[in-house]
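Nothing in this text is a laboratory measurement; each read-out follows from the coordinates by a stated rule. Bear in mind the structure is a predicted one, so any value in this text is a computation, not a measurement. Virtual Cβ from ideal backbone geometry, glycine too; neighbours counted across all protein chains shown.
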Ligand SMILES: Nc1nc2c(ncn2[C@@H]2O[C@H](COP(=O)(O)OP(=O)(O)O)[C@@H](O)[C@H]2O)c(=O)[nH]1
Ligand SMILES: [Mg+2]
């Protein structure tokens, strides 16, 4: 993969080398392989194309490296080895060339230089490395397959780990930002399967409205023929000074300053009629904002089923609970990006006055890659 240009017969002690690579991680690898462990980096500069080209070509790094003078290692022919000068058809292949400024002596550890065959294998593994690593660390397979259909996938798959994490983050964020986000109305119902966290999420909204937005919300607890225990809700409403109603005709008019939150009993995923009865109640009560609450720790099939049932009764928004119980957020990306539900909030625990965020994008991104991957990606920058 590396193109070694003009670097070889003239390889002398103390020479400096200029590499043009696509990432810091790639620079580290090329330097270690071609110049050995003693080589050190003198400067790193980002270079881009001229004029229009800089908008269509990804930026590259120009790295100047040298082997320190005190290491008088025997020069080998490695950098001259024509095998290393692999015929290069790749436009973005990095090159290593001696810089104009001479100094010190070159040295390489012969055994660390791969043969052409080894290097081919290395190249193959490097090209798909990031994705293999992502798959191994529990990255959702559906999301990986979605990413591989992105128009820039061909360039992403060739990048170093750190760079590909960056590109995937950018791609996911852009797609998230292009989702249509419905504003919420002044009548907000939380609906979903039993035990997913509807009431807890409602309490979190109440706390947010009262303490952060300085609003005076009211709550209507709907029974809809199904018992809907309300001890926790009742106590919480008392604590934050919100009135809890049990009859819809008693509730005051709602407004943006005094929104009405509706707490529903759980709707079984196997009982479509429960969902349609709820739809009638929502229509009767003129509730436009219908927040489907999903326990994010449930498996994808259950979540998809819930989303389908929610869509059938006009769900408009999505609240994700139990985010704290997830090892990563990747399985949720396809659900978020392929549905028309506006992401509203993420709940990270049982604490009703905390563990809640309306910045869904931040939450999703921060849990997309395992921490050790970030560490691995960034350590490559530190090495250089
Ligand atoms: N770990 C965790 N537990 C939660 C979260 N949201 C709710 N719970 C818990 O899940 C259980 C069911 O919550 P509840 O609001 O009563 O569910 P509902 O039946 O949908 O109203 C309760 O024990 C909550 O404390 C969350 O985001 N993380
Ligand atoms: Mg409840």
- [ ] Kindly rank 29-40, 314-325 from highest to lowest mean number of other beta carbons found within 10 Å of each residue.
- [x] 314-325, 29-40
Open item on the list: Kirkwood Rh and Cα-based Rg: tell me the resulting Rg over Rh for the range 187-366, rounded to two decimals.
Closed with: 0.94
Open item on the list: I'd like the FRET efficiency for residue 64 and residue 135, computed as 1/(1 + (r/R0)^6) with the beta carbon distance as r and R0 of 35 Å, rounded to 0.05.
Closed with: 0.45
- [ ] Taking 7 Å along the Cα-to-C-beta vector as the label spot, tell me the residue 299-residue 268 distance in nanometres, rounded to one decimal.
- [x] 2.1
- [ ] Please order 175, 367 by the number of other Cβ within 10 Å, starting at the fewest.
- [x] 175, 367
- [ ] Please find the FRET efficiency linking residue 246 to residue 177, where r is the Cβ-Cβ separation and R0 is fixed at 35 Å, and quote it to the nearest 0.05.
- [x] 0.30
- [ ] For a quick protection proxy, order the peptides 191-200, 296-305 by their average other-Cβ count within 10 Å, most packed first.
- [x] 191-200, 296-305
